[in-house]
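Below: one structure, written as structure tokens.
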Amino acid sequence: MERSAAGSGAGEPEQQALFGWADTEPERPARGSFRDSPAARRMLDVREVYAEPAALDSPRGQQIMARLPGVRVVEVPRHWGIPSLHGNGGNVERWVRVKTETLVLGVKQRLVTRPNGRSADWIAPGPSNGCAMSCAYCYVPRRKGYANPITLFTNIEAIVAHVRRHVRAQGPKPEPNQCDPHAWVYDVGENGDCSVDALVCDNTADLVAAFRGLPTAKASFATKFVNPDLLALDPQGRTRVRFSVMPPDDARLLDIRTSPVPERIAAAADFLDAGYEVHFNLSPVVLRPGWERDWAELLVHLDDVLPARVKEQAAAEVIMLTHNQALHEVNLGWHPRAEEVLWQPDIQETKRSQNGALNVRYALEVKQQALIRLRRLLAEHAPWLRIRYAF
Ligand code: SF4
């Protein structure tokens with residue numbers, strides 16, 4: 001059943017429970033079959049594909065289309081700027097429908113690996129752009145707008161070959177850093193969610209397989225979606241999955257269409273046992289009345305439910321909310337209640353980015369004080385959770 005993201009009585013979107021909460025038994029089909037389950041189709045039920053001809057002709061494009069029999073295909077000259085798919089016009093019901101039912105296939109033209117140094121050493125060229133979820137603070141739609149369905153890049157062989165060459169050119173990592181003590185870490189999911197992409201495409205599987213054979217490197221991606229099919233990919237420790245967590249009250253308001261936070265946490269041990277390194281993104285940290293109490297509760301929950309083997313290898317990134325004036329204005333049109341917590345000019349400052357966008361972040365003093373308090377909460381409730389970096 002597709003629940004309207006604007007359908008909770010007061011006309012406000014709420015997190016769509018894809019699997020049910022922790023006190024209910026989550027849907028767990030046999031391995032390898034989750035993508036065909038009703039839960040998967042609530043996230044992605046592709047009815048139409050917009051595709052560049054070269055993408056359609058590629059082996060990956062043909063494989064994707066073979067799994068979508070009868071789906072309407074519209075050929076487009078390029079995957080950017082497709083009228084009716086991209087932009088901010090329309091309300092969230094339309095966006096959710098586009099994100100659920102539409103897929104774009106394209107060829108990634110520019111394969112560039114960029115240095116990062118915070119979450120990862122490098123940002124690899126992503127296998128996709130766009131997302132089926134609709135988090136209110138998300139920066140991924142910054143170029144395509146909120147009605148941006150997933151674009152899958154079908155030249156995955158070229159992406160993998162590029163990454164392999166880049167890894168080999170680095171040689172062994174000379175010294176430990178905050179990203180990893182031994183391996184060069186490559187973020188492979190900067191502009192989407194690899195777990196959702198894997199519902200319709202093997203790009204995520206191909207990247208996991210590639211890093212399995214790269215002993216000096218490690219793939220890394222953040223996710224807000226639990227896709228049990230990833231458990232079968234045998235990463236052999238060379239892929240780090242970072243489950244993003246925040247207090248469930250914040251997630252219900254802000255993380256539209258994602259897996260519920262307790263489910264993401266409950267999946268950690270399964271992913272570790274399947275061969276992933278499992279980290280957590282404490283993100284975004286949204287400052288609002290009661291935030292410390294709710295983060296404390298979340299950390300207590302992590303401490304209560306995670307087994308020792310997860311805790312022993314876990315680390316976390318802490319990412320304070322950053323926002324954007326244009327996004328604020330878009331959100332006022334469909335989800336004003338989110339803006340009550342995201343937009344707080346009294347404690348935020350603006351900064352114009354290189355591309356001219358007016359970004360918003362907590363004022364330095366406010367942020368520093370909040371990080372001190374969050375570190376105290378971690379020391380008290382989850383002392384095993386090492387902070388890799390706080391931003
Ligand atoms: S899951 Fe990630 S990429 Fe998708 S909407 Fe949320 S923040 Fe954006």
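General remarks:
- At q = 0.12 Å⁻¹ the log10 of I(q)/I(0) for the range 116-179 amounts to -0.46, computed by Debye summation with a single uniform scatterer per C-alpha, solvent ignored.
- Over all pairs of different C-alpha atoms in the range 332-376, the reciprocal of the mean inverse distance, the Kirkwood hydrodynamic radius, equals 12.1 Å.
- Calculated on the Cα set of the range 37-106, radius of gyration then Dmax: 12.5, 36 Å.
- Cα-derived Rg over Rh, computed across the range 258-306 with Rh taken as Kirkwood radius: 1.01
- Aspartates and glutamates with Cα under 15 Å of Lys108, excluding same-chain neighbours fewer than 8 positions away: Glu52, Asp57, Glu157, Glu190
- Fewest-first ranking of Asp197, Asp45, using other Cβ atoms within 10 Å as the exposure measure: Asp45, Asp197
- Ellipticity at 222 nm from helices only: DSSP H runs of n ≥ 4 in the chain, each -39500 (n - 2.57), divided by the residue count, give -9500 deg cm²/dmol.
- Mean separation of Cα contacts under 8 Å (6+ apart) over length of the chain, as relative contact order %: 16
- Rounded FRET efficiency, nearest 0.05, which uses the C-beta distance separating Val300 from Glu340 and R0 of 25 Å: 0.45
- For Lys311, the lysines whose Cα falls under 29 Å of its own Cα, not counting residues fewer than eight places away in the same chain, are Lys173, Lys218, Lys224, Lys367.
- Residues Leu44, Leu152, Leu358 arranged by fewest to most Cβ contacts within 10 Å: Leu358, Leu44, Leu152
- Backbone N atoms of the range 259-277 closer than 17 Å to the 7 Å Cα→Cβ label point of Ala232 belong to residues 271, 274-276.
- The order of the peptides 366-379, 270-283, 311-324, 125-138 by mean Cβ neighbours within 10 Å, most packed first, is 125-138, 270-283, 311-324, 366-379.
- On full extension, the segment bounded by Glu157 and Arg376 gains 74.3 nm, given 0.36 nm per residue less the C-alpha separation.
- Based on alpha carbons, the Rg and Dmax found for the range 305-384 are 16.6, 46 Å.
- By the beta-carbon count within 10 Å of each Cβ, the least crowded to most crowded order of His166, His335, fewest first, is His166, His335.
- Per residue, the convex hull spanned by the Cα atoms of the range 145-229 measures out at 121 cubic angstrom.
- Only beta bridges with both residues in the chain are counted; by DSSP, about 25 percent of them are antiparallel.
- With both labels modelled 7 Å from their Cα along Cα-to-Cβ, the Arg168 to Ala54 distance reads 2.3 nm.
- Comparing Cα centroids, the range 103-165 and the range 351-379 end up 25 angstrom apart.
- Gaussian network model of the chain, Cα within-10 Å springs - most flexible of Arg60, Arg110, Arg361: Arg110
- According to the Kirkwood relation over distinct C-alpha pairs, the hydrodynamic radius of the range 280-345 is 13.9 Å.
- Within the chain, the cysteines lacking any other cysteine Cβ closer than 4.7 Å to their own Cβ are Cys131, Cys179, Cys194, Cys201.
- The length gained on full extension between Ala326 and Glu93, counted as 0.36 nm times the residue separation minus their Cα-Cα distance, comes to 81.9 nm.
- Computed as a quarter of the hull surface, the mean projected area of the alpha carbon convex hull for the chain stands at 18.3 nm².
- Cα Rg, Dmax, the range 234-391, angstrom units: 16.5, 48
Values quoted throughout were computed directly from the atomic coordinates according to the rules given, and no laboratory measurement underlies them. Here the structure is a predicted model, which means the values were calculated and not measured. Note that we place each Cβ from the backbone using ideal geometry, even for glycine, and neighbour counts take in every protein chain shown.
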